[in-house]
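Visitor: Please see the structure below; I have some questions.
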Amino acid sequence: MNPLDTLIREYVVPVMKAAGFAKKGRSFRLTAPHGDTAVVLVDADAVDPEKYVFDVSAWMVPLPYWEFLHREFTKTSVPNASGALATFPVVPPRGVAHQPDDDGHFRNRWAFAEPDTRDVCGRELARVLTEDAIPRMVRLLDRRTLLEETRTNPNDGLVRLKDEVISRIVLRVDDDPVGDLTALIDKAEADGLFPPFATWARERLARRTAKES
């Protein structure tokens, strides 16, 4: 087995399973009762012949946005990172970072040498996931919290992947007063909102109104 997969099996799988995440390959998925999903991806980076280098990232996938993206399909697939509204890196401590002094993206890369530092890296990854990344993802599965924390973009590593108006509509379309959302959609469309998205949002509001009446 690839040493990275061995590390994942020994150190990542136990903490992710304990938190309720399902595993598929090098990805993990947790779905909230309302259907929103948190996804963790582990991606290898072939940048160092002497070390195993990889990124770990978290992706927040609200069900309404996933359903918009798959609106023309009769059956939607399991949500994945392609439908994310926000993401953040799981940043390694300096001792297991590939480039600990880098000021940019490369600071996010984890690294270990087999077998010298694999266990140290694995333990640190399990700790960071348990103490930081998993609690943060669980908190962000609350749509109101995700909206608030992405108003500032980026926010402590959390990056909003769509503009503020789309994020607001996606995250509040099932909960905010219909009149408020209709006014927001009307204004956004006048300002150039993607017409299919506006149509989808109005149709979702109409179904919600019919259900609540």
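Visitor: As I understand it, the value is the acute angle between the Cα axis of helix 118-128 and the longest principal axis of the Cα atoms of the chain; what does it come to in degrees, rounded to 10?
Guide: 30
Visitor: What are the ³J(HN,Hα) values, in whole Hz, obtained from phi via the Karplus relation 6.51 cos²θ - 1.76 cosθ + 1.60 with θ = phi - 60°, for each residue of the range 73-85 in sequence order, with x given for Gly and Pro?
Guide: Ordered by residue, 3J(HN,Hα) equals 9, 6, 9, 7, 7, 5, x, 9, 5, 5, x, 6, 9 Hz.
Visitor: While we're on this one: If I stretch the segment between ASN80 and ARG208 completely, what's the gain in nm (0.36 nm per residue apart, minus their alpha carbon distance), one decimal? Each step should come with its number before you reach the end.
Guide: Details: separation 128, 0.36 × 128 = 46.08 nm, distance 2.51 nm.
Net length gain for the segment: 43.6 nm.
Visitor: Taking 1 over the mean of 1/r across every pair of different Cα atoms in the chain, what Kirkwood radius in Å do you get?
Guide: Values: mean 1/r = 0.0535 Å⁻¹.
That comes to 18.7 Å for the chain.
Visitor: Now, a different point. Report the accessible area of HIS98, computed with a 1.4 Å probe over the heavy atoms of all protein chains in place, in Å² rounded to the nearest 10.
Guide: Result for HIS98: roughly 40 Å² accessible.
Visitor: While we're looking at this one, here's another question. Return one number: the angle in degrees, 0 to 90 and rounded to the nearest 10, between the long axis of the Cα atoms of helix 195-212 and the longest principal axis of the Cα atoms of the chain.
Guide: Orientation of helix 195-212: about 70 degrees from the principal axis.
Visitor: Probe radius 1.4 Å, ligands and nucleic acids ignored: give me the carbon and sulfur share of the accessible area of the chain as a rounded percent. Don't skip to the answer; put the middle values down first.
Guide: Numbers: 5710 of 10990 Å².
Accessible surface attributable to carbon and sulfur in the chain totals 52 percent.
Visitor: Another question about this same structure. Could you sort 122-134, 78-90 so that the peptide with the highest average Cβ count within 10 Å comes first and the rest follow in order?
Guide: Working: 122-134: 17.9, 78-90: 19.5.
Most protected by this proxy first, the peptides run 78-90, 122-134.
Visitor: Calculate the FRET efficiency for ARG123 and PHE73 from the Cβ-Cβ distance with a Förster distance of 35 Å, rounded to the nearest 0.05. It would help to have the intermediate numbers written out before the result.
Guide: Numbers: r = 42 Å, r/R0 = 1.20.
Calculated value: 0.25.
Visitor: What full-extension length gain, to one decimal in nm, is calculated for ASP163 and ASP101 as 0.36 nm per residue of separation minus the Cα-Cα distance? If you can, show how the numbers build up before the last one.
Guide: Working: separation 62, 0.36 × 62 = 22.32 nm, distance 3.13 nm.
Here the answer is 19.2 nm.
Visitor: How large is the accessible surface per residue of the range 1-145, computed with a 1.4 Å probe and reported in Å² as a whole number? Walk me through the intermediate numbers first.
Guide: Numbers: 7230 Å² over 145 residues.
Each residue of the range 1-145 exposes 50 Å² on average to a 1.4 Å probe.
Visitor: Something else: May I ask you to give the average projected area over all directions of the convex hull of the Cα atoms of the range 89-160, in nm² rounded to one decimal? Mind showing how you got there, number by number?
Guide: Numbers: hull surface 20.7 nm².
Mean projected area for the range 89-160: 5.2 nm², to one decimal.
Visitor: Between ALA113 and ASP45, how many nm apart are label points set 7 Å from Cα along the C-beta direction?
Guide: Spacing of the two 7 Å Cα→Cβ label points: 1.9 nm.
Visitor: Which residue fluctuates the most in the chain, going by a Gaussian network model with Cα springs under 10 Å, if the choices are LYS23, LYS75, LYS51?
Guide: Looking only at LYS23, LYS75, LYS51, the biggest GNM fluctuation is shown by LYS75.
Visitor: Given springs between every Cα pair under 10 Å in a Gaussian network model of the chain, which of LEU147, LEU161, LEU193 has the largest fluctuation?
Guide: Ranking LEU147, LEU161, LEU193 by mean-square fluctuation puts LEU193 first.
The values are calculated or read from the model by the stated rules, or taken from the named source; none is laboratory data. Predicted, not measured: the structure shown is a model, and the values here were computed from it. So basically every Cβ, Gly included, is an ideal-geometry build from the backbone, and we count neighbours across all protein chains shown. Calculation scope for accessible area: heavy atoms of the full protein, side chains included, ligands and nucleic acids excluded. Shrake-Rupley method; radii C 1.70, N 1.55, O 1.52, S 1.80 Å.
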